[in-house]
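Input: a single structure, listed below in structure tokens.
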């Protein structure tokens with residue numbers, strides 16, 4: 001499966017006005033790993 005395009009990260013962060021790259025990466029990872037319909041209890 002695809003991964004994050006690390007080469008484009010600085011450009012995207014600048015375009016979106018991101019100042020906290022660590023939190024931005026965390027949020028991108030959450031989005032990437034999200035599985036609709038899956039539960040944590042399950």
Open item on the list: From the helices alone, meaning DSSP H stretches of at least four residues, give me the mean residue ellipticity at 222 nm for the chain, per-run term -39500 (n - 2.57), in deg cm²/dmol to the nearest 500.
Closed with: -15000 deg cm²/dmol
Task: Pairs of Cα atoms farther than 15 Å apart, the chain, % - done: 52 percent
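Computed from the coordinates by the stated procedures, all read-outs in this text should not be read as laboratory data. Bear in mind that the values here come from a model prediction, so they are computed numbers and not experimental data.
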